[in-house]
There are 4 protein chains.
Amino acid sequence: MEHKIRTDLALEVRESFPEDDVEIKGVVLTEEFAQEKKIRITTVAIKDEHGAKLMQKPVGTYITIEAPDLDKDSEDYCKPVSDLIAKYLKKLAGDLKNEEILVVGLGNREVTPDALGPQVIDNLFVTRHLIREYGEEFKKKNRLGSVSAISPGVMAQTGMETVEIIKGVIKETNPKLIIAIDALAARSISRLNTTVQIADTGICPGSGVGNDRKALNEESLGVKVIAIGVPTVVDASTIVADTLTKYMESTGFGEEDIFKFISEVNGTQMYNMFVTPKNIDEAVKRISYTISEALNSCFSQPAVS
Amino acid sequence: MEHKIRTDLALEVRESFPEDDVEIKGVVLTEEFAQEKKIRITTVAIKDEHGAKLMQKPVGTYITIEAPDLDKDSEDYCKPVSDLIAKYLKKLAGDLKNEEILVVGLGNREVTPDALGPQVIDNLFVTRHLIREYGEEFKKKNRLGSVSAISPGVMAQTGMETVEIIKGVIKETNPKLIIAIDALAARSISRLNTTVQIADTGICPGSGVGNDRKALNEESLGVKVIAIGVPTVVDASTIVADTLTKYMESTGFGEEDIFKFISEVNGTQMYNMFVTPKNIDEAVKRISYTISEALNSCFSQPAVS
Amino acid sequence: MEHKIRTDLALEVRESFPEDDVEIKGVVLTEEFAQEKKIRITTVAIKDEHGAKLMQKPVGTYITIEAPDLDKDSEDYCKPVSDLIAKYLKKLAGDLKNEEILVVGLGNREVTPDALGPQVIDNLFVTRHLIREYGEEFKKKNRLGSVSAISPGVMAQTGMETVEIIKGVIKETNPKLIIAIDALAARSISRLNTTVQIADTGICPGSGVGNDRKALNEESLGVKVIAIGVPTVVDASTIVADTLTKYMESTGFGEEDIFKFISEVNGTQMYNMFVTPKNIDEAVKRISYTISEALNSCFSQPAVS
Amino acid sequence: MEHKIRTDLALEVRESFPEDDVEIKGVVLTEEFAQEKKIRITTVAIKDEHGAKLMQKPVGTYITIEAPDLDKDSEDYCKPVSDLIAKYLKKLAGDLKNEEILVVGLGNREVTPDALGPQVIDNLFVTRHLIREYGEEFKKKNRLGSVSAISPGVMAQTGMETVEIIKGVIKETNPKLIIAIDALAARSISRLNTTVQIADTGICPGSGVGNDRKALNEESLGVKVIAIGVPTVVDASTIVADTLTKYMESTGFGEEDIFKFISEVNGTQMYNMFVTPKNIDEAVKRISYTISEALNSCFSQPAVS
């Protein structure tokens, strides 16, 4: 049946089709594993407009790293996941060593599950101002790319669409690539804080907790946008609708009944509510550190003698 | 039907009984209004063990201030609600001007909906150290009570039960009254960030986001404990169970079916999840300010010439 | 004698001239008082290039509000100072009710004395997105100006000059006026957290704790810039040099000796050090609230029936 | 000459004696080096009351690790310093694997240079509640010590002396060892954020930014107290007095003149001022992480099969 599910993960959209093992036209799915099969990497490639329409996501490549222990307090786990993020980021974006990159930390740093983007920025090693001060010689010697970064805040704080702020900053500072980090909404609770999605399509509207509506992508910004997202919340209406649908289907209700009920749920105060785990503070701290380490390893290189 | 609902509001427990307008033995309900009926104040008095058992809450008085616009950005609203909190706090605790009071800000300041208690402490005007430095003369002249305050953190941060920390602090500093501020869990989304509960029974275990298990009350601490709580979250399993129950009842399911399904929901990963609104940062900021202003007005008095 | 003193307050530059009560050519000084003479308001008007060169500040008007108790915990004090800031802000900027304004919170929110700007933004009531959503009718009915706001961070965090970020944001969002809030450096400790400077010249480089070098003014941004600054730090080398100069002058040293010594002080590690009071957290919190209340009162107007 | 210098580093007190290379009675000084002589470790052992009086510090052992690049952004540096802290901590405290330890993060988290202690606590892996939940078997299997932690805040926030809070917590939770982390005041700017002092004497009053007056030591708490401190500030009056003294001595002034002048400096508003570097946010973040890693490595042990 078709009801509008709310997820920012291409993988979850793909899973929502009944024909799970059959190829959908225009959508190619591949799987890899790492860390003794504990980590699964799935690539969803949306090849054409047919696939895009079915998936309700833009044409492009979406790589999902599923690391079930990423939300747990285990230091040994950060490094391998960080290495995987770096590896697949480079697969989508190419070598980043000599690039001029603007990293954008989307989200509201005052709301814990939405603070992922700003917390990544807090740990980033920015270099653009150093290169401008010490010159190209310094850049070459240290084999540095030019990295700048901003946490623009959310519309309720700034009164501006994030795309307006970033577009302006791009015009003045001319980066060649944008990497946007954001908290996402998943459909399934089990994906929260255990999944990293890297996509070459930019960030689709309405992600995570925020309410900004306009996409950050090559079309709106004029520069290629790689998005790194981690689902930290599930929409409250999604969780209710999904649980209920499952139950109603199992007890023989027809699609019409179910659709009617779901519509009622969506019409309630649940609209602006999200679901998140109680240990969200530790999870966001750990994952943002993992991502910032991945980025730092892609950008800079230890000085050589 | 009886399934275990999860709410820290005595008012919501009372509402969960079908015989809404009939008197329950051992529980007295009274209603008042303020601000042209826009604010309702309900007092639930649990009089004896029978009432306590039915309500699953200790004997005592629970005053609930329902201010539907408290979560909205309206400065004119803070003052009247602040005045009402002060008024009913004094009703339960007596005059606080000359008391020796320890205010405890419960909760985790790193998780937005749980940061209410610590944020109240941040705005509090503490005086105990001033009185100890400048003496009783200073205290009388400025008509100050002795106020101390602490945000002990949560068990996952400290490794200690909150009651252990507070009990120790009480032994060393001898306050005559504890006022504990905490974020609560409600059953209904419409009560989030719009309701203040003041109770003379202390704080019951498991409130809000945290996992501490032992109550802070006169029995455990040896000192009277007034609790001020604001529901900022709903348990994810509560929201799913409630929505579903409503639906199943309306479509003629029996209690057994419903109970079985609810048990399944409660057995899932939803256990450690909570639901909270997207604007939780602004709401907690505004409400914690409102409560701290109420407390400051109860404690201190402008100097007289 | 002339050694380079480091202050962002035009008033302190003016005071550094020996001919205190004589008129300096091109610089006009006027004084007013408020709150029973407890608050002094000084206007330094730099009229021409001669004055600008002498004062080492751009031509324009610098209004300084000296409120000696502003750093103390006294609620009754915030409102009158807030009203004075609003009054003199309107004197320099005109009526702000129907303006399209971008408020910029300069500084690093992670360094307490430099967090003034970002903390003002945190308390600001932004409206631009509301007007764009609900239209001009809504704006007129609520008599709102269009207010947007940003805390861009500092160069060490972003890799970008603040002027680059703001210039880009202006191009995309077209505000008609910029109000920039910043922590300043004073020369005298007694001015810390007790003084508010409002200037129609923009922000001069090198203010406060940060290291950005380019001015935010009408020339660099193409839009009028009103700056509101509060000194929260004194440069460490300034404090040493000033104390020493005073002593050396009193003991009969010649200018040459003193100059030589000051140069030595300035050449030390003291270069990147600042001096700030121990209660800086409370002071910045109180003053940022006072300024945000002044701005909110200038921008918005309660709805009329 | 003798004027009261203000430093929490035993090493700096020792250096202030003119007879630098001569043995002072009751004070033993030893030196070691690490990291190809880039890191110096100095042990000042105060052996008896004579030494204690001279040094104005309690009898005990003070180990100072001087790592000149610790304030710089260099990841490769954290690990060796962290290992050294762990090594010398164990030298003073013994093996910590099976201990019951309470870690206290002293200081005000709202004032950047004073946030060192609370930030160490934020990164600490606490275990006491896990052991109490899962039992001794779990403890043995995972070879865990029992670690609890608290950031009590400062007197201006709590109205209580820190020693009162910690004493109470100790009575209720019975740790066998206290490790107290605090920001310190140094005399020399070059020691800021580059030096770690580990002492088995507890924390002496008046350290860092705070104003608490009572020591945390075995005498006041009844439990052994190891202190780990990092100088993040210099008193403003110290910096002025030191610079001036140096100058006056070099130009032939007598002790009396100098003493008189210093007294004047100390009598000014400089009293409550401190000096700290502009990059204090990054330095405190890096160093608190380094210390928390050292502690985590001392306490816990990877699970064995």
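Looking at the range B:137-144, can you tell me whether even one residue there is among the aliphatic types (A, V, I, L, M), facing chain D (nearest Cβ under 7 Å) and in contact with a helix residue (DSSP H, G or I) (Cβ under 9 Å, 6 or more places away or on another chain)? If you could, list the steps in order and put the result at the bottom.
Of the range B:137-144, the ones among the aliphatic types (A, V, I, L, M) are B:144.
In the following step, the residues that additionally are facing chain D (nearest Cβ under 7 Å) were identified as none.
The answer is no; no qualifying residue exists.
Can you tell me which of D:R128, D:R132, D:R187 is farther than 25 Å from B:V163 by Cβ and of a type in the set (K, R)?
Numbers: D:R128 fails: farther than 25 Å from B:V163 by Cβ; D:R132 fails: farther than 25 Å from B:V163 by Cβ.
From the options D:R128, D:R132, D:R187, the qualifying one is D:R187.
Please state which of the following conditions D:S288 fails to meet, knowing it meets all the rest: (1) at pLDDT below 95; (2) under 26 Å from the mean Cα position of the chain (by Cα).
(1)
Of the residues B:G168, B:G222, B:G202, which single one is at positive phi and without any contact (Cβ under 8 Å) to a residue 60 or more places away in the chain? Don't jump to the end; show me each part of the working.
Working: B:G168 fails: at positive phi; B:G202 fails: without any contact (Cβ under 8 Å) to a residue 60 or more places away in the chain.
Going through B:G168, B:G222, B:G202 in turn, the sole match is B:G222.
So D:G168 clears everything in (1) under 26 Å from D:D281 (Cα atoms); (2) within 13 Å of chain B (Cβ to nearest Cβ) except one condition, right? Which one?
Failed condition: (1).
Looking at (1) modelled with pLDDT under 90; (2) more than 14 Å from chain B (Cβ to nearest Cβ), can you tell me which one D:I85 breaks?
(1)
I'd like the residue in the range B:264-284 that is surrounded by fewer than 17 Cβ atoms within 10 Å (Cβ to Cβ) and within 11 Å of another protein chain (Cβ to nearest Cβ) and, out of all such residues, is nearest to B:I181 (Cα to Cα).
Just the residues of the range B:264-284 that are surrounded by fewer than 17 Cβ atoms within 10 Å (Cβ to Cβ), to begin with: B:264, B:267-269, B:271-272.
Remaining after also requiring within 11 Å of another protein chain (Cβ to nearest Cβ): B:264, B:268-269, B:271-272.
Values: B:E264: 33, B:T268: 30, B:Q269: 29, B:Y271: 24, B:N272: 22 Å.
Among those residues, the one meeting the criterion is B:N272.
Could you list, ordered by first residue, the pairs with Cβ atoms under 6 Å in which the first is in the range B:59-78 and more than 28 Å from B:V28 (Cβ to Cβ) and the second is modelled with pLDDT of 90 or more and in a helix (DSSP H, G or I), at least 6 apart or interchain?
From residues that are more than 28 Å from B:V28 (Cβ to Cβ), the pairs are B:D71/B:A283; B:C78/B:T290.
Does the range A:146-163 hold any residues that are in contact (Cβ under 8 Å) with a residue 40 or more places away in the chain and not aliphatic (A, V, I, L, M), and which are they? Spell out the reasoning first.
Step one: of the range A:146-163, the residues in contact (Cβ under 8 Å) with a residue 40 or more places away in the chain are A:146-157, A:161-163.
Once the filter is applied, which keeps residues that are in contact (Cβ under 8 Å) with a residue 40 or more places away in the chain and not aliphatic (A, V, I, L, M), the range A:146-163 yields A:S146, A:S148, A:S151, A:P152, A:G153, A:Q157, A:E161, A:T162.
For the range B:119-136, name all the residues that are at the interface with chain D (Cβ under 7 Å from one of its Cβ atoms) and touching a strand residue (DSSP E or B) at 6+ places or on another chain (Cβ under 7 Å).
So the first thing to find is which residues in the range B:119-136 are at the interface with chain D (Cβ under 7 Å from one of its Cβ atoms), and the list is B:126-129.
Hits for the range B:119-136 are B:V126, B:T127, B:R128.
Go through (1) of a type in the set (A, V, I, L, M); (2) surrounded by fewer than 24 Cβ atoms within 10 Å (Cβ to Cβ); (3) more than 9 Å from every other protein chain (Cβ to nearest Cβ) one by one and return the number of the condition C:A183 breaks.
Just one mismatch for C:A183, condition (2).
Hey, does the range A:161-173 have a residue that's touching a Cys at 6+ places or on another chain (Cβ under 9 Å) and either in a helix (DSSP H, G or I) or at pLDDT below 95 (or both)?
Step one: of the range A:161-173, the residues touching a Cys at 6+ places or on another chain (Cβ under 9 Å) are none.
For the range A:161-173, residues touching a Cys at 6+ places or on another chain (Cβ under 9 Å) and either in a helix (DSSP H, G or I) or at pLDDT below 95 (or both): absent.
Looking at the range C:209-263 only, could you name the residues that are over 16 Å from C:D114 (Cα atoms) and part of a strand (DSSP E or B)?
C:L216, C:K224, C:V225, C:I226 - these are the residues of the range C:209-263 that are over 16 Å from C:D114 (Cα atoms) and part of a strand (DSSP E or B).
Give the range C:221-263 a look and list any residue that's at pLDDT 75 or above, out of contact with any strand residue (DSSP E or B) (no Cβ under 7 Å at 6 or more places or on another chain) and surrounded by 16 or more Cβ atoms within 10 Å (Cβ to Cβ), or say none.
Those that are at pLDDT 75 or above, out of contact with any strand residue (DSSP E or B) (no Cβ under 7 Å at 6 or more places or on another chain) and surrounded by 16 or more Cβ atoms within 10 Å (Cβ to Cβ): C:S237, C:T238, C:V240, C:A241, C:D242, C:T243, C:L244, C:T245.
Let me spell it out: the conditions are (1) over 20 Å from C:A215 (Cβ atoms); (2) facing chain A (nearest Cβ under 7 Å); (3) in contact (Cβ under 8 Å) with a residue 40 or more places away in the chain, and C:N174 meets all of them except one. Which number is the exception?
Status for C:N174: all satisfied but (2).
Just give me the residues in the range B:37-54 being buried (at least 16 other Cβ atoms within 10 Å of the Cβ) and within 15 Å of B:R14 (Cβ to Cβ), in sequence order.
Selection gives B:R40, B:I41, B:T42, B:T43, B:V44, B:A45, B:I46, B:G51, B:A52, B:L54.
Just wondering, is there one or more residues in the range C:100-117 that are more than 14 Å from chain A (Cβ to nearest Cβ), touching a Cys at 6+ places or on another chain (Cβ under 9 Å) and either modelled with pLDDT of 95 or more or under 25 Å from D:D281 (Cα atoms) (or both)?
Checked the range C:100-117: no residue is more than 14 Å from chain A (Cβ to nearest Cβ), touching a Cys at 6+ places or on another chain (Cβ under 9 Å) and either modelled with pLDDT of 95 or more or under 25 Å from D:D281 (Cα atoms) (or both).
Which of the residues spanning the range A:113-145 are at positive phi and either buried (at least 16 other Cβ atoms within 10 Å of the Cβ) or free of Cβ contacts under 8 Å to residues at least 40 places away in the same chain (or both)? Break it down stepwise before answering.
Initially, the range A:113-145 is screened for residues at positive phi, giving A:135, A:143.
Passing the criteria: only A:G135.
Can you go through C:E110, C:E99 and tell me which one is over 20 Å from the mean Cα position of the chain (by Cα) and surrounded by fewer than 22 Cβ atoms within 10 Å (Cβ to Cβ)?
Working: C:E110 fails: over 20 Å from the mean Cα position of the chain (by Cα).
Answer to the selection: C:E99.
Go through the range D:68-85 residue by residue and tally those that are out of contact with any Phe, Trp or Tyr (no Cβ under 7 Å at 6 or more places or on another chain) and surrounded by 19 or more Cβ atoms within 10 Å (Cβ to Cβ).
Residues in the range D:68-85 being out of contact with any Phe, Trp or Tyr (no Cβ under 7 Å at 6 or more places or on another chain) and surrounded by 19 or more Cβ atoms within 10 Å (Cβ to Cβ): 6 in total.
The values are calculated or read from the model by the stated rules, or taken from the named source; none is laboratory data. Quantities reported herein were computed from a predicted structural model and do not represent experimental measurements. Every residue, glycine among them, receives a Cβ derived from its backbone with ideal geometry; neighbour counts consider all protein chains shown.
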